[in-house]
Amino acid sequence: MFRIGCHLSSAGGYLAMGQTAESIGANVFQFFTRNPRGGAAKPIDPRDVADFRAFAAEKGIGPILAHAPYTLNAAGAEARVREFAEATMADDLRRLELTPGALYNFHPGSHVGQGTEKGAELISAMLARILAGFGSIPATTILFETMAGKGSEVGRTFEEVRALIDAVEAAVGPEAPLGVCLDTCHVWDGGYDIVNDLDGVVAAFDRVVGLKRLKAIHLNDSMNPLSAHKDRHACIGKGKIGQEALARVINHPALRDLPFYLETPCDLDGYRAEIALLRSLRAE
Ligand code: FE
Ligand code: FE
Ligand code: ZN
């Protein structure tokens, strides 16, 4: 089954997101767990969650992908910045226990001059503490998002992503629910040529990280050329990756069964049109 959807506003709650997804032809969706710039999360209405879960089961919607605020920096140089990231992520995971089977995606962080190794150490240590403090194995799979390598972002290379997974696993054990979300704009900007060598990129991911870790795809075109390290998303077919290459992504045998989440600069009508376009490009 083709699982395709997009980022939605969480302002109206879970059921409203499910209904919006259905209305635009989506069967998965992503949302920010709270204001993307951080801050306190709205209290969860258990009734809304129950209504959403019934609706999602009936309509075949899921998995949902909760995105951590992108301003969190687990690798920040200041303790205050790291503590905020840690408290926020721990709280997000606790809230996600209400929607078992969800995915939780986060940007590993930016080392802000401390070096990739130090950054990776801070990130993996934080995640290990969060998991150790959780008390049980979360009902959510935590995904490291592949990054474009803008500024001092950690997680641009598959090797960096693998090192993060290994370090967390070494600390908390192999049962840690860890995976990867591959963002097509980010890997392209990061230097992986998914236009001319998608098979090679998939093989490299498998060799370095392992395809069993790949749990979701952020499907975006990019405003910038290969290796630009910029991270500016474009609408499907309107960027440097292009419609043909993205059609190969959604049909690739190693990727086609993953859920795809659009994060293109679109309004709802734009997303509806992109989802219809991608459905027409999907080979059954
Ligand atoms: Fe992201
Ligand atoms: Fe993304
Ligand atoms: Zn991005």
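Listed here are the residues, each with its yes/no results for (1) surrounded by 18 or more Cβ atoms within 10 Å (Cβ to Cβ); (2) of a type outside the set (Ser, Thr, Tyr).
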{"site": "Ile217", "(1), (2)": "yes, yes"}
{"site": "Asn220", "(1), (2)": "yes, yes"}
{"site": "His233", "(1), (2)": "yes, yes"}
{"site": "Gln243", "(1), (2)": "no, yes"}
{"site": "Leu246", "(1), (2)": "yes, yes"}
{"site": "Ile250", "(1), (2)": "yes, yes"}
{"site": "Tyr261", "(1), (2)": "yes, no"}
{"site": "Asp269", "(1), (2)": "no, yes"}
{"site": "Arg272", "(1), (2)": "no, yes"}
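Scanning the stretch 225-260 for residues that are within 15 Å of ligand 3 (Cβ to nearest atom) and closer than 19 Å to Gly155 by Cα returns Ala228, His229, Lys230, Asp231, Arg232, His233. For Ala128, the criteria (1) in contact (Cβ under 8 Å) with a residue 40 or more places away in the chain; (2) within 16 Å of ligand 1 (Cβ to nearest atom); (3) on the phi < 0 side of the Ramachandran plot hold in every case but one, which is (2). The residue of the stretch 127-143 that is modelled with the lowest pLDDT, among those that are assigned to a loop (DSSP other than H, G, I, E, B) and surrounded by fewer than 12 Cβ atoms within 10 Å (Cβ to Cβ), is Gly135.
The one condition from (1) over 21 Å from Ala40 (Cβ atoms); (2) in a helix (DSSP H, G or I) that Phe84 does not meet is (1).
The set of residues in the stretch 187-215 that are farther than 11 Å from Ala245 by Cβ, aromatic (Phe, Trp, Tyr) and crowded, with 24+ Cβ neighbours inside 10 Å contains only Tyr192. Residue count for the stretch 32-42 satisfying the condition of being closer than 17 Å to Gly101 by Cβ and surrounded by fewer than 18 Cβ atoms within 10 Å (Cβ to Cβ): 0.
Evaluating Gly109 against the criteria (1) under 30 Å from Leu15 (Cα atoms); (2) of a type outside the set (A, V, I, L, M); (3) touching a residue at least 40 places away in the same chain (Cβ under 8 Å); (4) buried (at least 23 other Cβ atoms within 10 Å of the Cβ) leaves one unmet condition, (1). Summed over the stretch 157-190, residues that are of a type outside the set (S, T, N, Q) and touching a His at 6+ places or on another chain (Cβ under 8 Å) total 7. Looking at the stretch 1-74, the strands (runs of 3 or more DSSP E) lying wholly inside it that each contain 2 or more residues that are touching a residue at least 60 places away in the same chain (Cβ under 8 Å) and in contact with an Asp or Glu (Cβ under 9 Å, 6 or more places away or on another chain) sit at 3-7, 64-67. Could you please find all residues in the stretch 1-25 being over 17 Å from the mean Cα position of the chain (by Cα), among the hydrophobic types (A, V, I, L, M, F, W, C) and either surrounded by fewer than 18 Cβ atoms within 10 Å (Cβ to Cβ) or closer than 18 Å to Arg279 by Cβ (or both)? Matches in the stretch 1-25: Met1, Phe2, Ala11, Ala16, Ala21, Ile24. Return yes when Glu175 is surrounded by fewer than 23 Cβ atoms within 10 Å (Cβ to Cβ), modelled with pLDDT under 95 and more than 16 Å from ligand 2 (Cβ to nearest atom) and no when it is not. Answer is yes for this residue. Exactly one residue out of Glu117, Glu97 is surrounded by fewer than 16 Cβ atoms within 10 Å (Cβ to Cβ), under 19 Å from Ile130 (Cβ atoms) and of a type outside the set (Ser, Thr, Tyr): that is Glu97. Each residue in the stretch 157-194 was checked for being away from ligand 1 (no atom under 16 Å from the Cβ) and hydrophobic (A, V, I, L, M, F, W, C), and 11 of them qualify. Under the condition of being of a type in the set (A, V, I, L, M, F, W, C) and within 16 Å of ligand 1 (Cβ to nearest atom), the residues counted in the stretch 131-156 number 6.
If you go through the stretch 32-59 and pick out every residue that is within 21 Å of His233 (Cα to Cα) and either touching a helix residue (DSSP H, G or I) at 6+ places or on another chain (Cβ under 6 Å) or of a type in the set (A, V, I, L, M) (or both), you end up with 1.
The values are calculated or read from the model by the stated rules, or taken from the named source; none is laboratory data. Note that the coordinates shown come from a computational prediction; the quantities given were computed from them, not determined experimentally. Methodologically, a virtual Cβ is constructed for each residue, glycine included, from the backbone with ideal geometry; neighbour enumeration extends over all protein chains shown.
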